[in-house]
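Here is the structure we will look at.
The values are calculated or read from the model by the stated rules, or taken from the named source; none is laboratory data. What you see is a predicted model; the values in this text were computed from it and never measured. Positions of Cβ are backbone-derived with ideal geometry, glycine not excepted, and every protein chain shown enters the neighbour counts. In case anyone asks, the SASA skips ligands and DNA or RNA and just uses the protein heavy atoms, side chains included. Shrake-Rupley method; radii C 1.70, N 1.55, O 1.52, S 1.80 Å.
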Amino acid sequence: RNVYYLNEIFSLFPEAYVVNLIRDPRDVLLSQKNKWKRSQLGAKTIPTKQLLRFWANYHPITMSLMWKSGIKAAFTLGEHPRLMHIKFETLLQHPEQTVQSICGFLDIAYEPAMLAVPQVGSSHQSDKLEARGINKDAVARWQLATKAKTDLYLCEKLTQPFFNRLKYPKSSYRSNPLIIFWLALSWPIKLGVAFLFNLGRFKNLGDTVRKRFVSSPQLDPVEETTIL
């Protein structure tokens, strides 16, 4: 959520640096879709109410629009000297080179141990408590999601033009009109349920809605923004 308040962060904290991680919206979609199953994958301490909130939050339209608004918010700042954009896929495919670039940006020393991260927290597989290191299998998991083709098709359509400019490969998935109709019909209902589950988390509801769904920056400087 910090991405919607970058101007405030840079203004209030003049020594702050931000690394903005960008992930293929289809993988973000599927991660959120399965997030409510985390208790079955190793996260035994998550309260049931929290799992229900995860379930309520997911809808392909909601997730797609939020991904798009987050990208807009980050790129509106253009080439800000204290802001670095990293693609999640680049980090996983070239971890050492990417982390070294991040360390250079932050002016800190690189250490190989930085790559020895625990393989936990996935929405797709059980936690591997003993495993350490970058899991490259997390790239393009959407290609295996044969039961969510319409969700992914809708995501590709709703996240343009950022999807195209970030050069994510398009799928060959086609829409199912019946599922599209159902998703359109269920969206306001699911949005209402999500609102109730998140009501206590909003400090300023109007500002939250405006920043995520309403505001539309005129500047669309993706092509002028350096993305590693």
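The set of residues in the range 93-115 that are in contact (Cβ under 8 Å) with a residue 12 or more places away in the chain and either hydrophobic (A, V, I, L, M, F, W, C) or open to solvent by less than 60 Å² (accessible area, probe 1.4 Å) (or both) comprises Pro95, Thr98, Val99, Ser101, Ile102, Phe105, Leu106, Met114, Leu115.
Restricting attention to the range 24-40, which residues are over 20 Å from the mean Cα position of the chain (by Cα) and of a type outside the set (S, T, N, Q)? Correct list: empty. Taken as a whole, the condition of being assigned to a strand (DSSP E or B), under 12 Å from the mean Cα position of the chain (by Cα) and under 29 Å from Asp137 (Cβ atoms) applies to Leu21.
Residue by residue through the range 65-97, note down the ones that are assigned to a loop (DSSP other than H, G, I, E, B) and of a type in the set (D, E, K, R). Across the range 65-97, the qualifying residues are Glu79, Arg82.
Results for (1) of a type in the set (Gly, Ala, Ser); (2) out of contact with any strand residue (DSSP E or B) (no Cβ under 8 Å at 6 or more places or on another chain), shown as yes or no for each residue.
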{"position": "Pro118", "(1), (2)": "no, no"}
{"position": "Gln125", "(1), (2)": "no, yes"}
{"position": "Ala138", "(1), (2)": "yes, yes"}
{"position": "Phe162", "(1), (2)": "no, yes"}
{"position": "Pro169", "(1), (2)": "no, yes"}
{"position": "Ile180", "(1), (2)": "no, yes"}
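Could you name every one of the helices (runs of 4 or more DSSP H) located completely within the range 138-228 that has at least 2 residues being modelled with pLDDT of 90 or more and exposed (fewer than 14 other Cβ atoms within 10 Å of the Cβ)? Write out each step before concluding.
Numbers: elements: 149-158, 162-165, 177-198, 205-209.
Correct list: 177-198.
In the range 24-40, the count of residues that are more than 24 Å from Trp142 (Cβ to Cβ) and of a type outside the set (Phe, Trp, Tyr) is zero.
Residues in the range 68-83 that are touching a residue at least 12 places away in the same chain (Cβ under 8 Å) and open to solvent by 30 Å² or more (accessible area, probe 1.4 Å): Lys68, Lys72, Thr76, Leu77, Glu79, His80, Arg82.
Cβ-Cβ distances below 7 Å connect the following pairs, each with a first residue in the range 1-27 that is over 22 Å from Phe163 (Cβ atoms), a second residue that is of a type outside the set (D, E, K, R) and open to solvent by 90 Å² or more (accessible area, probe 1.4 Å), and a separation of six or more residues or different chains: Ile9/Asn2.
Going through (1) in contact (Cβ under 8 Å) with a residue 60 or more places away in the chain; (2) open to solvent by 40 Å² or more (accessible area, probe 1.4 Å) one by one, Pro118 falls short only on (1).
Every condition in (1) open to solvent by less than 30 Å² (accessible area, probe 1.4 Å); (2) modelled with pLDDT of 95 or more; (3) farther than 28 Å from Lys149 by Cβ holds for Tyr4 except the one numbered (2). Residues of the range 28-64 that are in a helix (DSSP H, G or I), surrounded by fewer than 17 Cβ atoms within 10 Å (Cβ to Cβ) and of a type in the set (A, V, I, L, M): Leu52 alone. Restricting attention to the range 98-130, the residues that are outside any loop (DSSP other than H, G, I, E, B) and more than 24 Å from Lys33 (Cβ to Cβ) total 15.
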